[in-house]
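Note sheet for the following structure.
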Amino acid sequence: MAKLFKRPVVTRILHAVGPYIVRLYLQMVGRTQGLRVEGRDYLPEVRRGGGPFLFAFWHNRLLFPAYLYRGTQTGVLVSPSRDGEYIALTMKLFGMVPLRGSSAKDPALGLLKLVRHLRDGFCVAVTPDGPRGPREHVQMGVVELSKLSTVPVIPCAYAPSRRITLNSWDRFVIPLPFTTGAVVYREPISVPENASKEQMEEIRRQLEMEIRIATEQAEELAKGRGM
């Protein structure tokens, strides 16, 4: 069976129909899910500051936000690889904007595309521990992006009460239909334009802590426990 999925013809078919299957599945999850949201007031607060904002959440929680932020033109950095084509089409189907670039091979180009998207007035979603980890460890790229774009970062998290957890490096979460979902937003974090390396490292640690707190709170909220 594993050899079958590695065949070029099968791979092309999966890449062609896979995004549509993902869209249908997430639509089913979204329409049957009871969603609880905590910290929604932080979003207008950032908008009153005169611009868009950055969403930052763990890589293993990126599936449902594609549905959650559908139709918003939110930008997402997507690898220029063949597998990236699959992800890019999925993002487009949800009305998001895939920005092709590699955080590993050419990080400067990817960063530039994200900055331009933010300066055009649109939001950007980032997974600061992706694409390869370490798991739940914020890398410096999101802090640099916030500094260059002068756009604050909102630490956030999504958690479903019913899920499948894959045996991947990040323990990827797939929400199941008829679940209770929870989204938690934390207070925005701004990076000064003249921030030193020491300040940026301090902000990086703060962001990491805030995303962890948001994730813990989302898990509790999804279980029906109060904030």
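Read the figures in this text as sums done on the coordinates, not as results from a lab. Here the structure is a predicted model, which is why all the values come from computation and not from measurement.
Computed from the Kirkwood radius of its Cα pairs, the Stokes-Einstein diffusion coefficient for the stretch 2-222 at 37 °C and 0.692 mPa s stands at 183 µm²/s. Mean separation of Cα pairs under 8 Å and 6 or more residues apart, divided by the residue count, gives the chain a relative contact order of 25 percent.
Report, in deg cm²/dmol and to the nearest 500, the calculated mean residue ellipticity at 222 nm for the chain, where each DSSP H run with n ≥ 4 adds -39500 (n - 2.57) and the sum is divided by the residue count.
The helix-only estimate for the chain comes to -13500 deg cm²/dmol at 222 nm.
Kirkwood Rh over alpha-carbon pairs of the stretch 60-169, then Stokes-Einstein at 37 °C and 0.692 mPa s: what D in µm² s⁻¹, rounded to an integer?
My calculation gives 225 µm²/s for D.
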